[in-house]
1. What are the pairs, 6+ residues apart or on separate chains, where a residue within segment 56-76 that is within 16 Å of N92 (Cβ to Cβ) has its Cβ under 6 Å from a residue that is open to solvent by 40 Å² or more (accessible area, probe 1.4 Å) and not hydrophobic (A, V, I, L, M, F, W, C)?
2. Just to be sure before I move on: is T194 of a type in the set (V, I, T) and more than 22 Å from T276 (Cα to Cα) in the structure I sent?
3. Checking the structure you have, find out if any residue of segment 163-175 is touching a Phe, Trp or Tyr at 6+ places or on another chain (Cβ under 7 Å) and at pLDDT 95 or above.
4. Do any strands (runs of 3 or more DSSP E) entirely within segment 5-81 hold 2 or more residues that are at pLDDT below 85 and farther than 19 Å from Y126 by Cβ, and if so, which?
5. Please go through (1) on the phi > 0 side of the Ramachandran plot; (2) open to solvent by 60 Å² or more (accessible area, probe 1.4 Å) for D428 and return the number of the only condition it doesn't satisfy.
6. Looking at this structure, is D411 at pLDDT 90 or above and either farther than 23 Å from F201 by Cα or of a type in the set (V, I, T) (or both)?
7. Can you list residue pairs whose Cβ atoms sit under 8 Å apart, with the first residue in segment 349-361 being more than 14 Å from I198 (Cα to Cα) and assigned to a helix (DSSP H, G or I) and the second being open to solvent by less than 50 Å² (accessible area, probe 1.4 Å) and modelled with pLDDT of 85 or more? Count only pairs 6 or more apart in sequence or on different chains.
8. Looking only at segment 110-156, how many residues end up being touching a Phe, Trp or Tyr at 6+ places or on another chain (Cβ under 7 Å) and of a type in the set (G, A, S)?
Amino acid sequence: MAASGGAGQEKQLAPALLSFFIYNPRLGPKEGEEEKKILFYYPNEVEKNEKIRSVGLCEAIVQFTRTFSPSKPAKSLHTQKNRQFFNEPEENFWMVMVVRNPIVEKHKDGKPVVEYQEEELLDKVYSSVLQQCYNMYKLFNGTFRKAMEDGGVRVLKDRLEKFFHRYLQTLHLQSCDLLDVFCGISFFPLDKMTYLKIQSFINKMEESLSIVKYTAFLYNDQLIWSGLEQDDMRILYKYLTTSLFPRHIEPELAGRDSPIHTEMSGNLQHYGRFLTGPLNLNDPEAKCRFPKIFVNTEDTYEELHLIVYKAMSAAVCFMIDASTQPTLDFCRKLDSIVGPQLTVLASDICEQYNINKRISGSEKEPQFKFIYFNHMNLAEKSTIHLRRTPNISLTSVHPDLMKILGDINSDFTRVDDDEEIIVKAMSDYWIVGKKSDQRELYVILNQKNANLIEVNEEVKKLCATQFNNIFFLD
């Protein structure tokens, strides 16, 4: 991204991933065995001694900071050119991410001058991104410890290489923000009758397809119902909405990738199709391979097949025990049972959604934008983000304002009490952060000549219209 300055051209370079590595200090405790500690290192082309030196430096920093805080060692290290983030997701397994600070290139007296923006990156945002890297790995591979039990260091190294080689390419660090800290779930608003129809549909499906262990139902990339634990659902939700669904949107837009299926028995038409698993049910050679996911890794440690089936804007995730291998006959049965009912249900939801939209009325562009997050049910709502995939995160406000939101959130984390922070930005914007009873609300108001009292009144109005059934302390 380039921006022109007053004195000649000024070029801005976004933050970039310099290195990412995982190590275990217990694996190479003796001198000369340091390389054994390294389980994964990106970029792999880096010379061996450089890898050992980087890992050694991180070990030293962690050990040094432990002397001051034994239970909470260093989470990050700030330098002029970059920032390092440390995370110990499992005992003795350390993940480290090194991010280059944003750069401004200027020309002074005809010579290029590089300035590193040392205060631009927010620790909380990028520490959350690093934790998400682990959570996403664990969803598809299980824990590091389990890999060691399955086949030792070799198996763990292979799994890390296979997963992170692809996953790190999807990290777009320049568009990380407060939503990465929350890693919440956007819920679809529904009336009671339609919700009961969906509940009834799920119960019927779980009865008809007896091997189904868990089910999740989404509409328009928003969650309606889930049988999974919250922490497992939040990371599965992230995978579905930022990776799986966007991959299938492009072909759908190009030429209606949901052809009408005609069922031979009852001649029912439907728009159902598998997003994971067999592409063509009429092909006897079709492969019934489904991605495996790992849930409840803290206690029961369940390995499941993930079947994602979609009709129009509705998607259902069926999770079945990995010890049961789904056959082509099972997939055909699922298609014939789920397809027609899901198509009708998707139409009902769409109709109800449009009625509700008409009743509420399409008001003119409001004067404010907001982000809301509830820590209890992980509900997240943002009118700031227009679109979010791994490749793009379009926000409708300036990055400086997003940074202020992140700073307010960091302040909220330091204290347990409910509080409110109001900030007047240089660009005539007012920013309000409200923390009340496990809920957080961040509002950006564009009111140039407003005073503190007027801003407070506007936020009260917003709470009354958008969150009328949620109690915010005044």
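The values are calculated or read from the model by the stated rules, or taken from the named source; none is laboratory data. Everything numeric in this text was worked out from a predicted model, so none of it was measured. Ideal geometry is used to build each Cβ from the backbone, glycine not excepted, and the neighbour counts take in all protein chains shown. All accessible areas refer to the heavy atoms of the entire protein, side chains included, with ligands and DNA or RNA removed. Shrake-Rupley method; radii C 1.70, N 1.55, O 1.52, S 1.80 Å.
1. P73/R66
2. yes
3. Checked segment 163-175: at least one residue is touching a Phe, Trp or Tyr at 6+ places or on another chain (Cβ under 7 Å) and at pLDDT 95 or above.
4. Those strands (runs of 3 or more DSSP E) span 9-13.
5. (2)
6. So D411 fits the description; yes.
7. Hits for this filter: N356/D191.
8. 2
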